[in-house]
Amino acid sequence: MANQIPLLEGTDLAGGFLVPDGQAGVVFERGLNRQSAVAGMPGLRIRRVPGKREKLTEYVGRPAVTTVAEAGPKVATGAEYAQVTLDMVKGAAIVMYTQELIEDAQEDPTVLINNDVRSAFADWLDSNALGRTSSGQIVGAFNSELSETSQTTEIGTTGDALAKSISAAMALIEGNGYNPTGAILSWTAKANLRDARTTGDASIPLYSGGVQGGFVQPDPELFGIPLRFTTNLQAMGAPAAGRVIGVVGDFSQAVLGIRQDIQVDFSDQATVDVGGTLHHMWQQNKVGSRWEARMGFVAHDLNRAFVAIIDAA
């Protein structure tokens, strides 16, 4: 067997097949969009952005067609175009190890943490795109916060209240000429839908036939739209002013921009400040991994294409 010296990406036999064309998208496509409720929504437009900001032109309105008589004048009609701004922001994290941990571990901890870091970035993306955490409203870093749409529907108290709220939200979106493509719900909604029972017989699940996919699958469906769940919406069952437990939307009206996919750098020379305590990597035999990504999110016609499900009463 031939030895390839050095191992490099330019030659397949030297390991180049490990770095396929379009590697910049592999981490996102195989990681973030599976773990992020927002990024995995059907219809969401995902685009690579070459700079720090991008102006997007969106089509607004709808031309009207009228009946005219032979040789009669035609009525002029039209729509309009609007612009939305997509700004790139950076998310980052640093994880530190001692060199002894790396040397003595049975499995490489720098590899084991990869999936957990992706989950952390997915959580960051969802929180900022929704404008929420499990504790309530936040000021998101992105151009749009889906939970802040002016369209809302209030959940009721009956066993089928959540499904009715989703249907009511879909109706609002449809009434505005858009097509609902998905719903993002609080993680507690899984139990709510599982536990709902038919009137008069507590042994019969209300949604055993109405929800496809089951709640152990990533994307169960209700009324033909996929449901995804997140810890970045507040829990059900504790009504309070401003409590948002779900967002239904036409996600084709939203854009996720990626300026820089998740990247990692390692250093054993740097000094890292952790809450005022300095960690001197070289002096203390430590290694730091720095993870970074630059992304942006914006929703067009937020107040018509998206509806928040609230539990205020």
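Below is a table of values for the structure above.
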| quantity | calculated |
| --- | --- |
| Cα gyration tensor shape for the range 66-173, rounded if a/c is under 1.5, else prolate or oblate | prolate |
| Inter-label distance, nm, simple model (7 Å from Cα along the C-beta direction), residue 312/residue 85 | 2.9 |
| Other-chain or far-sequence residues with amide H under 5 Å of residue 151's (modelled H) | 308 |
| Under 29 Å from residue 190, Cα to Cα: lysines that are on another chain or at least 8 residues apart | 164 |
| HN-Hα J in Hz across the range 147-162 - Karplus 6.51, -1.76, 1.60, θ = phi - 60°, x for Gly and Pro | 6, 8, 4, 7, 8, 9, 9, 8, 6, x, 10, 7, x, 9, 4, 5 |
| Gain on full stretching of the segment that runs from residue 68 to residue 94 - 0.36 nm per residue minus C-alpha separation | 2.6 nm |
| Karplus-derived 3J(HN,Hα), 6.51/-1.76/1.60, for each residue of the range 74-88, Hz, glycine and proline x | 8, 7, 6, 9, x, 9, 7, 10, 10, 10, 10, 9, 10, 9, 8 |
| Cα lying deepest toward the dipole's positive end in the range 35-189, options 94, 67, 35, charges on Cβ | 67 |
| Mean Cβ count within 10 Å, highest first, over the residues of peptides 122-131, 166-175, 274-283, 251-260 | 122-131, 251-260, 166-175, 274-283 |
| Full-extension gain in nm, residue 47 to residue 157, via 0.36 nm per residue minus C-alpha separation | 35.5 nm |
| Alpha-carbon centroid distance for the pair the range 119-146 / the range 237-263, whole angstrom | 7 |
| Cut-off under 5 Å, modelled amide H: who pairs with residue 298 long-range | 255, 257 |
| Under-5 Å amide H pairs with residue 58, H placed in peptide plane, nonlocal only | 82, 83, 84 |
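No value in this document is a laboratory result; all are computed from the given coordinates. These numbers come from a predicted model, not from an experiment. We place every Cβ from the backbone using ideal geometry, glycine too, and count neighbours over all the protein chains shown.
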